[in-house]
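Notes to accompany the following structure.
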Amino acid sequence: MISNEDLTYFYNILKDIYFNHLSYRYDHLSTLKKHLRDFFKLLTQAENQFFSSTYSRIVFCVDKYKIPKNIASSIFRFRYLTNNLSRVSEYNDIRNTTNFGLKTFNELIRFFDKQKILISDEIPTFDTQDLSYQFKIKNKEKTEDLDFISLIVQDKEISKNGSLYISGYNEELGLVIVFIDRKWKKLWDILWKTAKIYIFDLNLVNYPKAKTLTTTRNSIIILEPDILLDVTDLSNCFLNTGFTPLPYFLNRLLPKDISESMIQGNLINSIFDEIISNNDISFDEAYDRAIKNKPLQIFALANRNINILREIKKWLKDNFEILKDRINEIEGDLISVEPSFYSPVFGLQGRLDLLVEFKNDTTRKNIIELKSGKAPSTNLHIKTSEGNFLPTGLWESHLAQTTCYNMLLDSTFPGRIGSSSILYISDVNKPFRNAPNIIQKKQDVALGRNIIISIEKNILDADYSFFEKMMNESYEDLPQFIHRDLNEVRQIFRESTQLEIDYFRNYYRFILGETYASRIGSVGDHYSNGKSSIWRDTLDDKIASMDVLPNLELDLENSNFARLYLSFFKPKNDDFISSIRKGDLAILYQMESNGNSSPIYNQIIKCTIHDITDDKVLVSLRNKLIRTDIFNNKQKWIIEPDFIESTDRYMFHSLINLLSCEKEKRQLLLGLRQPESYEYIQYVFDNLTDLQNEIVTRAIRAKDYFIIQGPPGTGKTSYILRAIADYYNKSTDKNILILAYTNRAVDEICGALSKIENLRFLRLGTKDSSSYSENLISSLAEKMPLRDLFRIFKETRFLVSTVSSVLVNPEIFGMKSFHLAIVDEASQILEPQLIGILSKVDKFILIGDEKQLPAIVQQDSEGLRVDNENLQRIQLENLSQSLFERLLRCCITNGWKESLGMLTEQARMHKDIQFLANTLFYDNFLKLFDSNGWQIQSRALDFKVQYPDGNDDKLFSILLNNRIIFIDSDIEKSAKKHSQEAERIRIILSELERIYGKRLENENVGIITPFRAQCNEIYRRIDENLKGKITIDTVERFQGSEREVIIISFAINYPSLLRQISSILTLNEKRIDRKLNVAITRAKQQLILLGASQVLMKSEIYDKLINIIKKEFCYISSEMFESIIKKQG
C-alpha cells in the first residue's frame, strides 16, 4: 500500500501544476502522465511479479484495490490521450485534458487517502468539456476485419459450446472478448492475468456481453511483445522432430566449448563479409582479417590442436572462389552486412547475414543467410501447424530463422516484399534454397516464442517445475546432441546438495529478473523502461532522462567509412547533459523529418562511443558494412544506449561452473569451509607503511582467499594491488588474472602495473573502451601476425580485464591455468558475475569497500531478500549483494580473522572531511597518511590569491577558509529539480574560478546530484566557459574518482524522495548510507553541500550529518546566503 508520505508528495505535485502554470502546455500533460505512472509503480513495487507496461500495472491495481469504475475509466481515458499528444493538438484540448488529468489524479489520491490526511481539497472539480469525442471508435460491420488489437488479459474461459475465449482490457475499446482458434490452445493454457498480448487479423462478431472479436486462420498472437527474444536462440528450438524449449534453456546453462564447426562458421561468415566489401580481395588477406576478429577463439583451438586450424584454413581456401561466385550471383543494388532490427510487434530481435535492397523498388528487400554446415536434401519436407507437408530443402531451424527475419522486416518495413534464402556453401549444385514466407510458420514461431516466455514467467514467480521436468522427463525424440547436454546438466544437479540447488534456483531467478528488468523496465527507485524505452518512450521522455543524443549531423569530413568511424556534430547551444559516455555501447538511427524518433521503423546501427565532447560525438560502428547512401549532411541522427544481454547469459553459465567444480572449492566459495593460510613469513616493501606491509604479507600467505577492506583513499590500487603484483612477478612463475568492474578501474590498474619493473601484461577489451593499446589484445591483433601474438599470449603471465570481458571470453581458461585472481572494486560486482570465474582459479584476493556503492541491480532490492534457511546460513541475505560482502560476513561471523584485512590510512581527504566520514560511516578507523602535510592545513584552499578586503566578498572569504560548508535551501515544488540550488552553484563556481584561475579544470571541481533533471538544471545555468571544465553527474559516475572540491546538490523537496537518494546498508546494527559516503569521500580539499535541511533531516543519517556540520564546520542558512549575495551585488 502507498504511504501517507507518498500521497502527500503526489498531491503537492498536483497543486504545483494547478497553481503555478501560467498557460496550458504539453509539458504539464507529460508531467501528469509521468507521475501517474510513478504512482502505480509504487503501488506495485512490493508485488512478486513483473509488469510489462504501466497499463498492466493499472489493470492489476484496479482489480486488487477495487478502484471505482468511474476513476478507472478516467485513468484509462487520460492515458489514451496522453500516449499520443497529437490527439490534443489544440489549446482547448490541452486545457481540457490537463484539467481532466488533474481531476482524475486527485480523485485517485483521495481514494487511497483512507486516513484523510489530505483535509482540504485545493484542486477544484473542473467543469471540463465533454471529452468523449476523443474516444469514439469507428463502428465496424460484423464481417469487417480488425488488423490488430492489444490486450491486458483479465480472464480466460471456455464457452458452453467448448470455444476458447479471452477477456481483456484495451486502452481504446475497454473490455474486449476474443474467441481464439483451437490451434492456440497451448497459448490459452499458459496465459495469466495481466499478461499483455497482441493479436493480429481478427473479425468483429456480435456478442451481448462486450465488444467481441474472433481470430481467423491467419491470426498471430504474441505474448508480452516488449520482451524481444533473439532470433538465433528461438530458431535453435525448432528441430526436425518439432519444437522444444530445451535448447534455449540448455544454452543458458552450459558454456559452449570452442569447436571446429563454430570456428569454421565464424570464419566463413567473416570472409563472406570481406568479399562483399571488396570483391577483389585475395584469400590470404581475407583469411588474415577473419582470424583477427576473435583472436582468443583462434588461440583456443590452436592450443588444443593446431592441425584442426590448418584443416579449416584448407577448407576455406578450397571454397573461397566458390563463395565469390555465389556472391556474384546475388542480384541487388544496395547491400547491408549484419543489419540489426527490433520488432516489439512480434517480440523479436535479430541480425541478418545479408540484406539486399533495390533502388528502383524500395519495398523489395531480400534476405540471405549463409550456412557452412551440411546442406539437407532438396526433397526435405517440413510439417506445418495444420498438418500439411511442404517441400523446402531446409533444416527446420533454418526455416524458423528466416521466418523470424521475415517477421522482423514485416514490422520494420510495412508492405515489404522480397525473397528469403539460405545459402548452403557446401552444396555446389543448389546452394540457394528459398525459404517460403508462409503464415503457418509464423504462427509456429510465435507459439514457440510464447511458450519460452511463459516458462520464464513461471521461474520469475519461483515456480521451478520446468527444471524438475528437465530432470525427469525422457525426451525420447530429441537428437543426440540435445541428450548429451541434457545428461550433463542432470549429472551436475544429481551431485549437488540441497543448499547448492537452492543457491542455483534463487540466483537463476535473480539473473532472469535482471534480464527482464533490462528488457522491459525496472521497479526500483530510478524508473526505467529498459530496452523497451527505445520504442515506448518519446524523444522528450528520453531527453528528460538524459538517455539520448538527438539532432546529430554527420561531420562527413572527419568520418571514415572504411575504418567504420563516424563523426557527428552536436547541436549548438544544446543546454542538456547526456548520460552517454565514452566507451558506452549505443545504437544509431535516423531522426524523422518532423523531429520524432521511430527506431523500430529503421535499421538499428550498432556502435560504440569512441569519444564525446561538448560539440562532437565520434562513434565506432559495430555493423560490418552499412549503406553509405543513407548518410548525408541533411539527415539528422539519434544516439541512445544499447542494452546488451550477453553478460546475463554468462552469469547463468557461472552458476553451472560453480556447481560443476570440485566439492572442496564449492564449499569454500559458498562459505562452508574455512579458508587456509601458509606459515607466517613477513614480506617488506619499501614504499608501504607498516600496516600496508602487514596486509600485503597476509594476502600473499593466504592459500585460498583473502579479503581487503579499503576505504576511500587508502591506496587499494596504487599501493596494495601493485605490491602484490610486484611480489608475484618477481618471486613466482604463476599466471595472474587481475579484474575490476569498470574500464576506468582497469585502466588505473594498468597504470599501476606499468610502473613495476620487468612486469609484462596483456589487457582484454575493445579499442573504444580501453586505454593502453600497446597491451590490448584486440589492438595488437591488428598490428602483428597472429602467431606472434599467440606466442606473446602464452608467455605473458599477467592478464588484466573487466569482469564482463572475461565472462564473454571464457576460452582463456582453456589456455591458461591461473594461480591467483585479484579483484579490485569487488564490492561492486554481483555474486553470479564473479563466482564462476573464481571457481576456475586456485586462489583469489578481493579488494573493495562494502560501505561504498554496491553492485548495480535493476530490481527492487526489497524483493530480493532471501528467506531460505540454507542460504541464510551462508550469509546470503539479499541476492543483490556482492560476493565480497557475503564472504566478508562469513569471515566475521565465523571468526576467520586471518582472511580479513582493513586499510585505514587514507591519503585523499583533508582531516575535516575524514572526520565527517569517520563519524558517519567508519567508526573512527580512518587515519591520516603520515607524509601528507596538506591534510592537516587549516585554510581550505591554500593558494596564493589576493585576499579581498571588507564584506563585499564574504562568500569568497567563506569558500577560502572553510573545508566543509552546508548551505540550506528553501523547499521548492518541483520533484527532482531545485532551481535555487542550481543558481547558487553558478555563483559559487564563479567564486571558485577566481580562486583557481586558469587551473580550474575537470580534476579540480565536481558537482554531484542524485537526479538527472538537476544535472541539466545546473548545466543550463553555469557559465559557458565552465561547461567543459566541470563534471556534473550522479554519484554512480563519480565512484572511483576524486576532485579537489566536491559540490553536492541534493535537490530534494519531498521526504518521500529520501529513499531514492540513499543506499542503506546495516552493519553491526549501524545504518550506513553508501551513496552519501561515496559523495562525501570524493572530496580532497573541500566539500560544499546544498540542500533543504527541513526535508533532509527527516532521515536519521542526514539529520546527523547536518548537526555535525552545524556544530563543527560552516552552516549557512538560506536567508544568510541571500543576504551575502545581496551585499555583493
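The values are calculated or read from the model by the stated rules, or taken from the named source; none is laboratory data. Just so it is clear, the model here is predicted, and its values are computed rather than measured. Quick reminder, even Gly has a Cβ in these numbers, built from the backbone with ideal geometry, and neighbours come from all protein chains shown.
Key figures
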read-out	value
Count of region 442-484 residues which are under 33 Å from the mean Cα position of the chain (by Cα) and touching a residue at least 24 places away in the same chain (Cβ under 8 Å)	25
Within region 809-834, tally of residues that are surrounded by fewer than 24 Cβ atoms within 10 Å (Cβ to Cβ) and among the acidic types (Asp, Glu)	1
Test: ASN623 is modelled with pLDDT under 85 and more than 29 Å from the chain's Cα centre (by Cα)	no
Answer from ILE656, ILE638, ILE681, ILE626 - the residue that is buried (at least 16 other Cβ atoms within 10 Å of the Cβ) and farther than 30 Å from ILE856 by Cα	ILE626
Qualifying positions in region 36-81 - among the hydroxyl-bearing types (Ser, Thr, Tyr), without any contact (Cβ under 8 Å) to a residue 60 or more places away in the chain and surrounded by 20 or more Cβ atoms within 10 Å (Cβ to Cβ)	THR54
Among residues of region 459-474, those that are surrounded by 15 or more Cβ atoms within 10 Å (Cβ to Cβ) and assigned to a loop (DSSP other than H, G, I, E, B), counted	1
Number of positions in region 539-581 that are touching a helix residue (DSSP H, G or I) at 6+ places or on another chain (Cβ under 8 Å) and under 29 Å from LEU1058 (Cβ atoms)	13
Residues located in region 371-395, provided they are touching a Phe, Trp or Tyr at 6+ places or on another chain (Cβ under 6 Å) and surrounded by fewer than 20 Cβ atoms within 10 Å (Cβ to Cβ)	PRO376, HIS381, LYS383
Matching residues, region 277-288, being surrounded by fewer than 18 Cβ atoms within 10 Å (Cβ to Cβ) and not acidic (Asp, Glu)	SER277, ASN278, ASN279, ILE281, SER282
Matching entry among ILE452, ILE422 (being crowded, with 17+ Cβ neighbours inside 10 Å, out of contact with any Phe, Trp or Tyr (no Cβ under 7 Å at 6 or more places or on another chain), modelled with pLDDT of 95 or more and among the β-branched types (Val, Ile, Thr))	ILE422
Elements of type helices (runs of 4 or more DSSP H) in region 1028-1129, at least 2 residues being under 30 Å from the mean Cα position of the chain (by Cα) and surrounded by 22 or more Cβ atoms within 10 Å (Cβ to Cβ)	1074-1080
Residue in region 1065-1072 that is outside the structural domain of ILE829 (by TED's automatic domain parsing) and within 12 Å of LEU853 (Cβ to Cβ) present	yes
Condition check for ILE600: touching a residue at least 40 places away in the same chain (Cβ under 8 Å) and touching an Asp or Glu at 6+ places or on another chain (Cβ under 7 Å)	no
Among (1) assigned to a helix (DSSP H, G or I); (2) touching a residue at least 40 places away in the same chain (Cβ under 8 Å), the one test that LEU668 misses	(2)
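A quick yes/no check of all residues on (1) modelled with pLDDT under 95; (2) under 20 Å from ASN962 (Cα atoms):
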{"site": "GLY1091", "(1), (2)": "no, yes"}
{"site": "LEU1096", "(1), (2)": "no, no"}
{"site": "ILE1101", "(1), (2)": "no, no"}
{"site": "ILE1108", "(1), (2)": "no, yes"}
{"site": "TYR1115", "(1), (2)": "no, yes"}
{"site": "GLU1119", "(1), (2)": "no, yes"}
{"site": "LYS1126", "(1), (2)": "yes, no"}
